[in-house]
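Read through the structure below, which is laid out as structure tokens, and then see the notes.
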Amino acid sequence: MRYYKAYIVICLLVLLTSCSTTREVKQIIPPPEIIEPAPVEDPYDVMEKNVPNLSKVYIGKDYKFGSNPDKNVEADCSHLVCAIARNSLIGTKYEFKPYYYPSWKIYENTYEIEKSETRPGDIVFFKDLQKKQNHLGLITKIKDDTVYFVQASSSSGVIERSTKSESWIYYWKKRFDSFRRWKLEVFEEKKTKGYEVNAGRETSTLIQ
């Protein structure tokens, strides 16, 4: 009986000791969420997004040499291309620096690309019988292997054509010169006034 009581006492001591022992609990911390930075749009991205719908505004205008479609009800090919390029950047951080270029100047300020590289906002150039680049259109969309473009034609006014249309097959294909893209130099990033914190002080600065 004495040994039994001693055994009971020892068991109680062991139980109390185990209850008072603090167990270490490992906390599982989930890995931090990785937030990918938003892609930065360049002027070509902006034009690709805005040109398809914007170009529809000009379709149906009559042709008139030297006419700016933003100021008149008529347009010629170079004024049409520059107007759409210029207006497609409105409300963004970019602007079209030259405002207007004649066709030969547009040719100088663009570079040749392959058909497979074309995107809305690019340009298609045509040449006359003397191999002189004298007409152009602005690409509005690409569907499968077909390139659509808007142009100001002396016979049809402002109209959308494609590389599968009858006029392309029987006329424009023979006059085709190249697909081209604006050089980056024709675009300018606008400067906006903002603020930045420097060593605990708020300082005014120009942020591009």
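Key figures
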| quantity | calculated |
| --- | --- |
| Identity of the residue in the stretch 153-191, within 23 Å of Gly60 (Cα to Cα) and aliphatic (A, V, I, L, M), that ends up modelled with the lowest pLDDT | Ile169 |
| Failed criterion for Cys77 (all others in (1) buried (at least 16 other Cβ atoms within 10 Å of the Cβ); (2) on the phi > 0 side of the Ramachandran plot hold) | (2) |
| Test result for Gln130, over 24 Å from the mean Cα position of the chain (by Cα), modelled with pLDDT under 90 and on the phi < 0 side of the Ramachandran plot | yes |
| Asp128 surrounded by 17 or more Cβ atoms within 10 Å (Cβ to Cβ) and in contact with a Lys or Arg (Cβ under 9 Å, 6 or more places away or on another chain) | no |
| Meets criteria (under 14 Å from Arg181 (Cα atoms), within 21 Å of the chain's Cα centre (by Cα) and surrounded by fewer than 21 Cβ atoms within 10 Å (Cβ to Cβ)) for Lys93 | no |
| Strands (runs of 3 or more DSSP E) lying entirely in the stretch 65-181 (those with 2 or more residues that are farther than 22 Å from Asp45 by Cα and among the aliphatic types (A, V, I, L, M)) | 157-162 |
| Extreme residue, nearest to Tyr171 (Cα to Cα), among residues of the stretch 111-124 that are touching a helix residue (DSSP H, G or I) at 6+ places or on another chain (Cβ under 9 Å) and either among the acidic types (Asp, Glu) or buried (at least 21 other Cβ atoms within 10 Å of the Cβ) (or both) | Val124 |
| The stretch 43-63, residues that are touching a helix residue (DSSP H, G or I) at 6+ places or on another chain (Cβ under 9 Å) and touching a residue at least 12 places away in the same chain (Cβ under 8 Å) | Pro43, Tyr44, Met47, Asn50, Val51, Leu54, Ser55, Tyr58, Lys61, Tyr63 |
| Residue check, Val147 out of contact with any Phe, Trp or Tyr (no Cβ under 7 Å at 6 or more places or on another chain), modelled with pLDDT of 95 or more and crowded, with 18+ Cβ neighbours inside 10 Å | yes |
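The values are calculated or read from the model by the stated rules, or taken from the named source; none is laboratory data. Since the structure is predicted, the reported quantities are computational estimates derived from the model, not experimental observations. So basically every Cβ, Gly included, is an ideal-geometry build from the backbone, and we count neighbours across all protein chains shown.
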